[in-house]
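In what follows, a structure is listed as structure tokens, so that the remarks can point back to it.
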Amino acid sequence: MKAKQSWIREFNKPLIIAGPCSAESEKQMLEIAERMDKDYVQVFRAGIWKPRTKPNCFEGVGAIGLNWLKRVKDEFGFKIATEVATANHAKLALEYDVDYLWIGARSTVNPFTVQEIAEALRDTDKTVLVKNPVNPDLELWIGAIERLQSQNIQKIGAIHRGFSTYKKTKYRNNPQWQIALDFMDKMPEIPLICDPSHICGNREGIFEVSQQAFNFEYDGLMVESHCNPDEAWSDAKQQITPERLLEILKKIELRKSDDENAFYHSQLNRLRNEIDETDQAILEIIAQRMLISTQIGELKKEHNVAVFQPERWKQIRENSIKQGQLLGLSEEFIDKLIKALHQESIQQQNSIMNKENSI
Ligand code: PEP
Ligand code: MN
């Protein structure tokens, strides 16, 4: 496995990037910086060009905000970070010695934009962070990182900020943790940090999502923090005060990759053996289910009956969810599982129907 890029170890602790969603005024920036705990937060963030979903909203103060970020850096000793969405933003950020530049979720979706930014940042020794695209597309996220790598940018990181969904969930952007875990699997050398603010879209969930990220051994966090969150010009609902942020950071438990303890290892091995045996039993029972469904397929074919029976599917789904709940399994999980099983059965029955029928 490739070693993780070493820039992430600069502070010898999890990388914490915090600051307002948007820079609003010099006074606001300096006040937040003043109230931020320097032992816990190393990088001060502020958006100065803001991508907004709807027009006629506050779209950021623009380049003037770079002077304010610079003051935060010079007077408080923070490293500084901002979002860049065009080649021009990138050039300006470099001119003002911004240490961490991030590509926002709405830019990551567009390979032209990413390419343009990557070229503007060619050979930079600054750190460039790539937020996941708004849609759950792992390859698009990885592709953006590869565009930076091919411009000889050495310090690269990724930010998991969740994925937008049409259906409302308790999150503003559904974390879909599995995609981030797949990202880690495919790009183990790229440090990954979590943005609980844009995942939650509210203040209440920030601790839980942050802890979850460290349970998965993320390398840090990016959290939106404002001295007067209710009055913030953007993302007011999800910003927390620097004091609340500190409380959260103090409460988070960091997890290590392993423990030398022999008892821990013997217990773990025993449980893992049990898991392996259980998985084997699950696979055997699934194979058995498929065998039955192919028999149903033959029967339907003989009687010229359609493969997909909506009423029957509805009944299977409802029953499974009910049974699953009695067994303590979540509706969301059972829904996914039974859908996958049913789809596979349908596919198998389809190929039975099509057998010897091809022209
Ligand atoms: C932000 O960090 O303020 C921001 C706009 O984030 P995202 O690109 O994740 O929406
Ligand atoms: Mn924001």
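The values are calculated or read from the model by the stated rules, or taken from the named source; none is laboratory data. This is a predicted model, so every value here is computed, not measured. Counting neighbours? That spans all protein chains shown, and the Cβs are built from the backbone with ideal geometry, glycine included. Heads up: the accessible areas ignore ligands, DNA and RNA and are worked out on the full protein's heavy atoms, side chains in. Shrake-Rupley method; radii C 1.70, N 1.55, O 1.52, S 1.80 Å.
Scan Lys27, Lys4 and give me the residue that is open to solvent by 30 Å² or more (accessible area, probe 1.4 Å), within 20 Å of the chain's Cα centre (by Cα) and away from ligand 2 (no atom under 16 Å from the Cβ).
Going through Lys27, Lys4 in turn, just one is open to solvent by 30 Å² or more (accessible area, probe 1.4 Å), within 20 Å of the chain's Cα centre (by Cα) and away from ligand 2 (no atom under 16 Å from the Cβ): Lys4.
Restrict the check to the range 33-48 and report whether at least one residue is more than 27 Å from the chain's Cα centre (by Cα), surrounded by 16 or more Cβ atoms within 10 Å (Cβ to Cβ) and in a helix (DSSP H, G or I).
no
Does Thr113 satisfy being of a type in the set (Ser, Thr, Tyr), over 19 Å from the mean Cα position of the chain (by Cα) and not in a loop (DSSP other than H, G, I, E, B)?
In short, yes.
Working only within the range 49-75, note down all residues that are within 16 Å of ligand 2 (Cβ to nearest atom) and either open to solvent by 20 Å² or more (accessible area, probe 1.4 Å) or assigned to a loop (DSSP other than H, G, I, E, B) (or both).
Trp49, Lys50, Pro51, Arg52, Thr53, Lys54, Cys57, Phe58, Glu59, Gly60, Val61
Would a scan of the range 37-49 turn up a residue that is modelled with pLDDT under 95, touching a Lys or Arg at 6+ places or on another chain (Cβ under 8 Å), on the phi < 0 side of the Ramachandran plot and within 16 Å of ligand 1 (Cβ to nearest atom)? Step through it out loud before you land on a result.
First, pick out the residues of the range 37-49 that are modelled with pLDDT under 95: none.
Within the range 37-49, not a single residue is modelled with pLDDT under 95, touching a Lys or Arg at 6+ places or on another chain (Cβ under 8 Å), on the phi < 0 side of the Ramachandran plot and within 16 Å of ligand 1 (Cβ to nearest atom).
Identify all residues within the range 130-174 that are open to solvent by 40 Å² or more (accessible area, probe 1.4 Å) and basic (Lys, Arg); write none if there are none.
Arg147, Lys155, Lys167, Lys168, Lys170, Arg172
Among the numbered conditions (1) in contact with a Lys or Arg (Cβ under 8 Å, 6 or more places away or on another chain); (2) open to solvent by less than 50 Å² (accessible area, probe 1.4 Å); (3) assigned to a helix (DSSP H, G or I), tell me where Leu94 comes up short.
(2)
Looking only at the range 208-245, which residues are away from ligand 2 (no atom under 15 Å from the Cβ), assigned to a loop (DSSP other than H, G, I, E, B) and not acidic (Asp, Glu)?
Answer for the range 208-245, where residues must be away from ligand 2 (no atom under 15 Å from the Cβ), assigned to a loop (DSSP other than H, G, I, E, B) and not acidic (Asp, Glu): Phe216, Tyr218, Cys227, Asn228, Thr241.
For the range 225-280, name all the residues that are within 30 Å of Lys54 (Cα to Cα), among the hydroxyl-bearing types (Ser, Thr, Tyr) and away from ligand 1 (no atom under 16 Å from the Cβ). If you could, list the steps in order and put the result at the bottom.
From the range 225-280, those within 30 Å of Lys54 (Cα to Cα) are 225-242, 244-245; that's our starting set.
Going one step further and asking which of them are among the hydroxyl-bearing types (Ser, Thr, Tyr), we end up with 225, 234, 241.
Within the range 225-280, Thr241 is the sole residue that qualifies.
Could you check, for the range 188-200, whether at least one of its residues is surrounded by fewer than 17 Cβ atoms within 10 Å (Cβ to Cβ), farther than 15 Å from Leu221 by Cβ and either within 16 Å of ligand 2 (Cβ to nearest atom) or of a type in the set (A, V, I, L, M) (or both)?
no
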